[in-house]
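Shown next, in structure tokens, is the structure this report addresses.
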Amino acid sequence: KPSAGWLPRIEYDPAEELLDAKSEIFEAMSSCTDRVMNDSTDTCPRCILVTSGRPSDGKSTVAFGLAMMLARRGRHVLLIDADLRCPSQHRHFGQRNEFGFSNLMAGENDVAEMIKQTEVPKLALMCSGPQPPNAGELLSGGRLNEVLTRLKEKFDVVVIDSPPVLGLADTPALSRHCEFILYVVRHGFTNTKLGIDAFKRLSTIARVPLVLIGTALPNYAYGYGYGYS
């Protein structure tokens, strides 16, 4: 399968390292971003989904890094935390997860109120919002297309931090509205069979470019109490 690249092992919080233009992970993420963009036209997909086969593979760090890199290249970017069960993007930015994506999906219409500006120029964040009783049902209806269409009209690029693939309906539902998918695997951690099964499941649903990105990141970077059910 095509690969977007590899994020190296580091000793510190990868989110902090990604803000340092001299760090090794910054250079690696920049190279991965090149893979997502079209070299000849300097364009990129309008809506990009980042997922993995299982929790703790590094998808949220990759989504954060990709959104930041695209903003640094002049795009107005919205990073959506669509992991409604175990959100983490608000922590990267030191924000409170009081409202966000789940509010819009539940029927609220004030898009501007759900968007938080970040310290990274041209990068905005939409937190996941309150955890819904059934995230799969919330994402399966026609409301999702309406919400994402409105958001894509407001930003050059929308990056979606999606839940893991296996056992959940969330990511297949989200993938149908995206133009590019990054599938994250973690060296020495991702179970080969599970990873392949998840990738195959996603590839049968998606009709857009689907590429791999590898990580070798420290455990503590993902210690946010994942408990999918």
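The values are calculated or read from the model by the stated rules, or taken from the named source; none is laboratory data. Keep in mind it's a predicted model, so treat the numbers as computed, not measured. Cβ sites come from the backbone with ideal geometry, for glycine too, and all protein chains shown count toward neighbours. Heads up: the accessible areas ignore ligands, DNA and RNA and are worked out on the full protein's heavy atoms, side chains in. Shrake-Rupley method; radii C 1.70, N 1.55, O 1.52, S 1.80 Å.
Does Ser30 qualify as being at pLDDT below 90, buried (at least 16 other Cβ atoms within 10 Å of the Cβ) and farther than 15 Å from Ile160 by Cβ? For Ser30, the condition - at pLDDT below 90, buried (at least 16 other Cβ atoms within 10 Å of the Cβ) and farther than 15 Å from Ile160 by Cβ - is met. Only one entry in Asp34, Asp57, Asp83, Asp42 is closer than 24 Å to Gln117 by Cα and among the acidic types (Asp, Glu), namely Asp83. Return a yes/no flag: does the stretch 1-11 have any residue that is under 14 Å from Thr61 (Cβ atoms), open to solvent by 90 Å² or more (accessible area, probe 1.4 Å) and either modelled with pLDDT under 75 or more than 17 Å from the chain's Cα centre (by Cα) (or both). Yes. For beta carbons closer than 7 Å, sequence separation of 6+ or different chains, a first residue in the stretch 167-194 that is closer than 17 Å to Ala63 by Cα and a second that is modelled with pLDDT of 85 or more and open to solvent by 70 Å² or more (accessible area, probe 1.4 Å), the qualifying pairs are His177/Asn145; Glu179/Arg46. Could you check the stretch 37-77 and list, in sequence order, the residues that are open to solvent by 10 Å² or more (accessible area, probe 1.4 Å) and modelled with pLDDT under 85? Matches in the stretch 37-77: Met37, Asn38, Asp39, Ser40, Thr41, Asp42, Thr43, Arg54, Pro55, Ser56. Taking the conditions (1) over 23 Å from Glu17 (Cβ atoms); (2) open to solvent by less than 70 Å² (accessible area, probe 1.4 Å); (3) outside any loop (DSSP other than H, G, I, E, B); (4) at pLDDT 90 or above in turn, Glu146 satisfies each one other than (2). Scan the stretch 130-137 and tell me whether some residue there is within 17 Å of Pro172 (Cα to Cα) and charged (D, E, K, R). Yes, the stretch 130-137 contains a residue that is within 17 Å of Pro172 (Cα to Cα) and charged (D, E, K, R). Just so you know, in the stretch 98-129 the residues that are touching a strand residue (DSSP E or B) at 6+ places or on another chain (Cβ under 7 Å) and of a type in the set (A, V, I, L, M) include one that is farthest from Leu79 (Cα to Cα), and it is Met114.
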